[in-house]
Amino acid sequence: MKRKKIIVALLCVCGITTGITACKNATARTEVVTLKDAYAGKFYIGTALNERQIAGKSEEEMELVKKQFNAIVAENCMKSERIHPKEDTYNFALPDKFVAFGEENGMWINGHTLIWHSQAPAWFFEDDQGNTVSREVLIARMKDHIHTVVGRYKGRVHTWDVVNEAVLDNGELRKSKFYEIIGEDYLKLAFQFAREADPEAELYYNDYSTAIPEKRAGIIRLVKKLQDEGITVDGIGMQGHVGLDSPAIEELEKTILAFSGIGAKVMITELDLTVLPSPWERTGAEVSADFKYSKEMDPYAEGLTDSIKRQFDERYTHLFRLFLKHSDKITRVTFWGVNDGNSWRNNWPVRGRTDYPLLFDRNNHPKSVVDALIQMTR
């Protein structure tokens, strides 16, 4: 098919094919349109970068990023345990490279994440003897961490995931170490410190399973309470860790409308689509979950069936149809990884599986759905 398109285009150039319409059609068919170009003016198309990519060890993948995406987020290197492993130690080498890459390529840069119960260093919550620190000490440590990290990239990182995953699926606040030591005020303080460090950056709350009605309501209660206390939450991130059948498109739409309804921008922040069976009934993204490997849980180690490929394409098409419908509310759609090979889905919640959750395969080739997503914008 590709060879045929080239021949038709050459015939047009040489004047062998007659008819202006035929030549125009041939030119359109040979034109290469990328995801970021197709969705320009609607919302950013983003991807998460892992540490190997940021370090410059995956040149082909980074070329793909530059070609297809116009927004980036750091998958791990900005999380507190990586960027601030000891009280007197900050690791800025990779975050600096991450931000520089975004600037060099004119990308929208998102910092992820400032306060999260998971992947937070133990020293945050303990003194030299291993005892739990006081409320005042933890607040001071939070302030230092946020002021130092956000302040370093002031005016360069456009948006920050200030607080990540603070609400449980039942809508209650998670009883994390931050909550246990400081109380609910830690949420307000996190946004307050981030605003002090960079008054111009957009500040987000980010969470998974936001289509669950109880959780959606809990997030809205949290954000509205912050708003009532004079704290600005610019946007809410809907982590898009989805399956072939869940969550329902209708529930996702309700969440988009509900978040927008309280004056928040909406982002799809961590989009990936697992095709693998789930070892549990829940559909969340609790990173502490871990199940033993079995062949039954890894049915596509040698490749996907045609039926699953069709379901995969249909599901992404339905999702993007929804995103386009609400492009006036959604500012960014970010995939959690560049290609299937570097997706966390291969190891969560069962290690060692082979999953196919992203738009580009392990050889960085676009899947058939990529063209369909581009055509949707025409």
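May I ask you to list the aspartates and glutamates whose Cα is less than 16 Å away from that of residue 265, ignoring any residue fewer than eight positions away on the same chain?
161, 200, 202, 207, 234, 253, 328
Given a 1.4 Å probe, how much area per residue of the stretch 151-269 is accessible, in Å²?
On the way: 4390 Å² over 119 residues.
Dividing the accessible area of the stretch 151-269 by its residue count gives 37 Å².
What number comes out for accessible area per residue over the stretch 69-137 if the probe is 1.4 Å? Units Å², please.
43
Return the long-range amide H neighbours of residue 133 (sequence gap of 5 or more, or a different chain), with a cut-off of under 5 Å between placed amide H atoms.
Here the answer is 126, 127, since their amide H atoms fall under 5 Å of that of residue 133.
Lys/Arg Cβ at +1, Asp/Glu Cβ at -1, dipole of the stretch 205-257 taken about the Cα centre: which of 219, 242, 256 is farthest positive-ward?
Farthest towards the positive end: 219.
For residue 185 and residue 372, calculate 0.36 nm times their separation in residues minus their Cα-Cα distance, and state this gained length in nm to one decimal.
On the way: separation 187, 0.36 × 187 = 67.32 nm, distance 4.58 nm.
Stretched out fully, the residue 185 to residue 372 stretch lengthens by 62.7 nm.
With the crude spin-label approximation of a point 7 Å out along Cα→Cβ, what separation in nm comes out for residue 82 versus residue 254?
Modelled inter-label distance: 3.5 nm.
Contour minus end-to-end for residue 156 and residue 93, with contour as 0.36 nm per residue of separation and end-to-end as the Cα-Cα distance? If you can, show how the numbers build up before the last one.
On the way: separation 63, 0.36 × 63 = 22.68 nm, distance 1.57 nm.
Net length gain for the segment: 21.1 nm.
So how much slack lies between residue 310 and residue 144, counting 0.36 nm per residue of separation and subtracting their Cα-Cα distance, in nm? Please list the in-between numbers first.
On the way: separation 166, 0.36 × 166 = 59.76 nm, distance 4.96 nm.
My answer for the length gained is 54.8 nm.
Taking the alpha-carbon centroid of each part, what is the distance from the stretch 141-190 to the stretch 198-231 in angstrom?
Cα centroid to Cα centroid, the span is 12 Å.
Of the heavy-atom accessible surface of the stretch 70-111 (probe 1.4 angstrom), what whole percent is carbon and sulfur? Intermediate values should be presented prior to the final figure.
Numbers: 760 of 1650 Å².
For the stretch 70-111, the apolar C and S fraction of the accessible surface comes to 46 percent.
Only bridges whose two residues both fall in the chain count here: according to DSSP, what percent of them are antiparallel, nearest 5? Can you show the working numbers first?
On the way: 4 of 41 bridges.
The antiparallel proportion sits near 10 percent.
Using amide H atoms built 1.01 Å from N in the peptide plane, name the residues 5+ places from residue 269, or on other chains, whose amide H lies under 5 Å from its own.
Hits under the 5 Å cutoff: 238, 239, 240, 334.
How much solvent-accessible surface does residue 188 expose, in Å² to the nearest 10, with a 1.4 Å probe and all protein chains in place?
Roughly 60 Å² of residue 188 is accessible to a 1.4 Å probe.
Give me the lysines in straight-line cross-link reach of residue 295: C-alpha distance below 29 Å, same-chain residues under 8 apart excluded.
Cross-link targets: 309, 367.
Under the Karplus relation 6.51 cos²θ - 1.76 cosθ + 1.60, θ = phi - 60°, what is the ordered set of whole-Hz ³J(HN,Hα) values for the stretch 191-206, x standing for Gly and Pro?
5, 5, 5, 5, 5, 5, 6, 8, x, 9, 5, 7, 10, 10, 9, 10
In what sequence, highest mean first, do 97-106, 352-361 appear when ranked by Cβ atoms within 10 angstrom? Mind showing how you got there, number by number?
Details: 97-106: 16.3, 352-361: 19.9.
Put in order of decreasing packing, that is 352-361, 97-106.
Among all lysine pairs in the stretch 39-100 that are eight or more places apart or on different chains, how many have alpha carbons less than 23 angstrom apart?
Lysine pairs satisfying the spacing and distance rule in the stretch 39-100 number 10.
With θ taken as phi - 60° and the coefficients 6.51, -1.76 and 1.60, list the Karplus ³J(HN,Hα) couplings across the stretch 162-169 in order, rounded to whole Hz; mark glycine and proline as x.
Couplings: 6, 10, 10, 6, 9, 10, 7, 4 Hz.
Filter the cross-link list 215/254; 177/292; 154/177 down to pairs whose alpha-carbon distance in this structure exceeds 22 Å.
Pairs exceeding 22 Å: 177/292; 154/177.
Given points 7 Å out from each Cα along the Cα-Cβ axis, report the residue 302 to residue 224 separation in nanometres with one decimal.
5.5
If amide hydrogens are placed 1.01 Å from N in the peptide plane, which non-local residues have theirs closer than 5 Å to the one on residue 84?
For residue 84, whose amide H was placed from the backbone, the distant partners under 5 Å are 91.
Short version: ³J(HN,Hα) in whole Hz for each residue of the stretch 271-276, in order, from phi by Karplus 6.51 cos²θ - 1.76 cosθ + 1.60 (θ = phi - 60°), x for Gly and Pro, what are they?
3J(HN,Hα) across the stretch 271-276, in whole Hz: 7, 7, 10, 6, 9, 8.
Among DSSP beta bridges whose residues both lie in the stretch 29-122, state the antiparallel percentage, nearest 5.
Values: 1 of 8 bridges.
Close to 10 percent.
Distance in nm between label sites at residue 134 and residue 63, each 7 Å beyond Cα in the beta-carbon direction?
Here the modelled spin labels are 5.8 nm apart.
The values are calculated or read from the model by the stated rules, or taken from the named source; none is laboratory data. Fair warning: this is a prediction, and the values are worked out from it, not measured in the lab. Please note: Cβ atoms are built from the backbone with ideal geometry, for glycine as well, and neighbour counts cover all protein chains shown. The protein model used for the area step is the full one, side chains on, heavy atoms only, and it has no ligands, DNA or RNA in it. Shrake-Rupley method; radii C 1.70, N 1.55, O 1.52, S 1.80 Å.
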